Amino acid sequence: MQITYYGQSCFQVNIGGYKILFDPFITPNPLAKDIDITKIEADYILLSHAHQDHIHDAEAIAKNTGATIIGIWEIHAWFAEKGVKTHPMNIGGKWPFEFGTVIMTSAVHSSSFPDGSYGGNPAGFVIENDEHTFYYAGDTALFSDMKLIGEMYKPEFAFLPLGDNFTMGVKEAVMASRFVGVKKIIGMHFDTFPYIQIDHKEAMMIASFNEAELILPEIGKPFDI
Ligand code: NI
Ligand code: MN
């Protein structure tokens, strides 16, 4: 499975012959200045919550590509009004898409749109098909119900926030990886803003000390997992 990181919490994942894009926040991110969003391909755009640093480029990319936005009811309603194709979900539900089944999981965070309107609850996603299962946590604190995600869906790896302050930090992410039963963590939500800058060396040390494999992805460089 090929994955490309576009900064903050944005990843493109090639799965089941489709391109799915998570939480696009690219054009305002100086770390992602070399990424041209008009070149990004997407069949589906999954939005974990309504905060600016997760949805900023969603409308533009959806309109460029014809991608369908998948999000909680309130996110669906907001984007449907802008003329974007959407699929509404809510926490605990699952739906079989062409690329695999999406399960919407809870996240402990907040969610409002840049204009202040209500964004519904924040969410995470489990994606599963015949070949792969993974967990994308969104913005969240560590919470013990992550163990249910491990028991129910048995993901192979997890996208977890690392930046602290607004979400869990590295230590909590290592515990989250235990809760969901994965060894491999793909880090996200770090370094974009001063509040979420992390010490890469220290993060790698904390992970290896706890026998977790931490990947700090490079922006714009595809990698296989
Ligand atoms: Ni957020
Ligand atoms: Mn965020």
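Laboratory data are not the source of any read-out in this text; all were calculated from the coordinates shown. Note that this is a predicted model, so its numbers are computed, not measured. Don't worry about glycine lacking a Cβ; one is built from the backbone with ideal geometry, like all the others, and counts go over all protein chains shown.
At-a-glance table
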read-out	value
Options Tyr5, Phe190, Ile149, ranked by Cα towards positive dipole end of the chain, top entry (Cβ charges)	Ile149
Relative contact order [Cα under 8 Å, 6+ residues apart], segment 1-126, whole percent	20
Within a Gaussian network of the chain (alpha carbon springs, distance under 10 Å), most fluctuating of Ile37, Ile72, Ile55	Ile37
Segment 153-225: relative contact order as a whole-number percent, Cα under 8 Å and 6+ apart	32
Among beta bridges that DSSP assigns inside the chain, antiparallel share in %, nearest 5	55
Whole-Å semi-axes of the ellipsoid equivalent to the chain (Cα gyration tensor, √5λ, descending)	24, 19, 17
About the Cα centre, charge dipole magnitude for the chain (Lys/Arg +1, Asp/Glu -1 at Cβ), debye	140
Most fluctuating residue given options Ala50, Ala173, Ala80, as computed from a GNM of the chain linking Cα atoms under 10 Å	Ala80
Relative contact order %, the chain, counting alpha carbon pairs below 8 Å whose residues are six or more apart	17
Qualifying lysines (Cα of each under 21 Å from Cα of Lys82; at least 8 residues distant if same chain)	Lys63
Max mean-square fluctuation residue, GNM over the chain, Cα-Cα springs under 10 Å, options Ile185, Ile196, Ile26	Ile196
